[in-house]
Every structure is written in structure tokens, then in C-alpha cells.
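The structure under discussion appears below in the form of C-alpha cells.
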Amino acid sequence: MNFRLEDLITVTFTLFAIIDILGSIPLLITLKQKMGGIDEGKATLVSGGLMILFLLVGEKFLQVLGLDVGSFAVGGAIVIFILGLEMVLGIEFFKSEADAKSGTIVPIAFPLIAGSGTLTTIISLPANYSKWVVFFGILINLVIVYVVLKSLTYIAKLLGPGGLLAVRKFFGVILLAIAVKIFASNVGGLIK
């Protein structure tokens with residue numbers, strides 16, 4: 001097993017930047033209020049399960065479905081774009097379910113935490129790093145995700161309603177930009 005601390009730090013920070021749990025805080029707070037709560041443990045476990053599954057069999061799984069990584073990324077980009085529009089325009093596309101459990105899985109566990117960018121990155125990281133390094137990088141990020149999800153109420157109180165609205169609009173635009181970037185970098189390979 002080839003395990004170097006420098007590799008673990010690089011992989012951990014790469015995944016942290018892609019998952020962008022801190023940038024998702026305004027959307028997560030909004031979803032938590034809309035759904036009446038988030039099952040933090042379930043969101044963390046489901047997103048972690050998806051990440052580990054994609055580490056082990058991601059590319060093969062997509063091939064079985066007749067999909068490629070680009071198609072998967074474009075689909076995730078569309079969902080992220082719609083979530084960004086919700087934040088900026090204040091329009092509700094995803095109707096709130098009476099059951100917070102269903103919202104915990106979609107859109108929180110997927111595509112917010114374990115989104116197409118994260119899963120695509122996880123598929124490509126083993127080309128440069130051992131799967132064990134990527135596995136431990138995923139685990140470290142899941143701990144961070146869980147702590148952030150558990151702290152949402154405190155963060156909402158800290159920002160207050162006005163601050164939350166301003167941050168929500170700002171990060172909505174950021175989400176739109178991320179979605180457009182993911183879409184643009186992957187859609188070219190799909191159009192033939």
C-alpha cells in the first residue's frame with residue numbers, strides 16, 4: 001500500500017474544494033427550513049456511501065448504464081443550476097416534501113454533497129493516488145460535512161435573517177456559475 005501524508009493532504013483538500021460544503025451553507029439552511037429538518041447522519045452516510053461506491057466501481061457502473069462521466073456531470077450541473085436559480089430568484093422548483101427524509105437524500109446527499117463534480121473527481125483521483133489515500137480523504141471530508149450539517153442552526157442564528165438572505169443570493173450566483181462551468185466543460189463531448 002503506497003500511502004504518503006503529502007498525497008492524503010492533497011486529495012483531502014481537492015475533495016474539500018470540490019464538495020464545497022462551506023459554500024453550500026446558505027442553501028443547506030434554506031433546505032433545512034423548507035423541509036423542517038435534515039437528518040445529518042443520513043445525509044453524511046448516503047453521500048459517503050455514494051463517494052466510496054464511485055471510488056470502487058464508478059466508471060464501470062456508468063458504462064453499464066450506457067453513460068459516460070460527461071453525461072453524468074451535465075445531469076448534475078442541471079440540478080445545481082436549478083438550485084442556484086431558486087436561491088437567486090426566490091422561486092420554488094423543488095417542492096418541499098412533508099417527509100424531511102426524502103429531501104435529505106435528494107438534493108442534499110446528492111447532488112449537493114456527493115455531486116457530479118465530486119463523483120467525477122473521485123473516479124479520476126486513483127489515476128494519480130492510491131485508492132486508500134482517496135478513501136481516507138473521503139472519510140476526512142465526511143467528518144467535516146457532518147460537523148457543518150450539525151452546526152446549521154447555530155450558523156443561521158449567527159448570520160441572522162438579513163445576513164442569511166444576502167449570503168443566500170450571493171452563493172446562489174456562485175452555484176449558477178459552478179453549474180455553467182460543469183455544463184460547459186462536459187457538454188462539448190456529448191454533442192457530435
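The values are calculated or read from the model by the stated rules, or taken from the named source; none is laboratory data. Note that the structure is predicted; figures quoted are calculated from it, not measured. Using ideal geometry, Cβ is built from the backbone for each residue, glycine included, and neighbour counts are taken over all protein chains shown.
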Checklist outcome for this item: Filter region 155-180 for residues that are of a type in the set (K, R) and touching a residue at least 60 places away in the same chain (Cβ under 8 Å); the one that is nearest to P111 (Cα to Cα) is R168
Checklist entry - Any chance region 176-190 includes a residue that's under 21 Å from F72 (Cβ atoms) and among the hydroxyl-bearing types (S, T, Y)? => result yes
Item to check | Residue list for region 166-189, filter: among the charged types (D, E, K, R) and surrounded by fewer than 19 Cβ atoms within 10 Å (Cβ to Cβ) | outcome: K169, K181
Next on the checklist: Checking V79 against (1) modelled with pLDDT under 85; (2) aliphatic (A, V, I, L, M); (3) over 20 Å from A179 (Cα atoms): exactly one of these is not met. Which one?
Outcome noted: (3)
Next on the checklist: Just to check your reading of the model, which residue among V74, V79 is closer than 26 Å to V147 by Cα and surrounded by 16 or more Cβ atoms within 10 Å (Cβ to Cβ)?
Outcome noted: V79
Checklist entry - Pairs under 7 Å by beta carbon, first residue among the small types (G, A, S) in region 121-139, partner in a helix (DSSP H, G or I) and crowded, with 20+ Cβ neighbours inside 10 Å, six or more apart or different chains? => result G137/V11; G137/L15
Checklist entry - Does any residue of region 121-132 turn out to be surrounded by 16 or more Cβ atoms within 10 Å (Cβ to Cβ) and of a type in the set (F, W, Y)? => result yes
Checklist entry - Looking at (1) aliphatic (A, V, I, L, M); (2) part of a loop (DSSP other than H, G, I, E, B); (3) without any contact (Cβ under 8 Å) to a residue 60 or more places away in the chain, can you tell me which one L22 breaks? => result (3)
Checklist entry - Looking at region 38-76, which of the residues that are β-branched (V, I, T) and under 25 Å from G23 (Cβ atoms) is modelled with the lowest pLDDT? => result V69
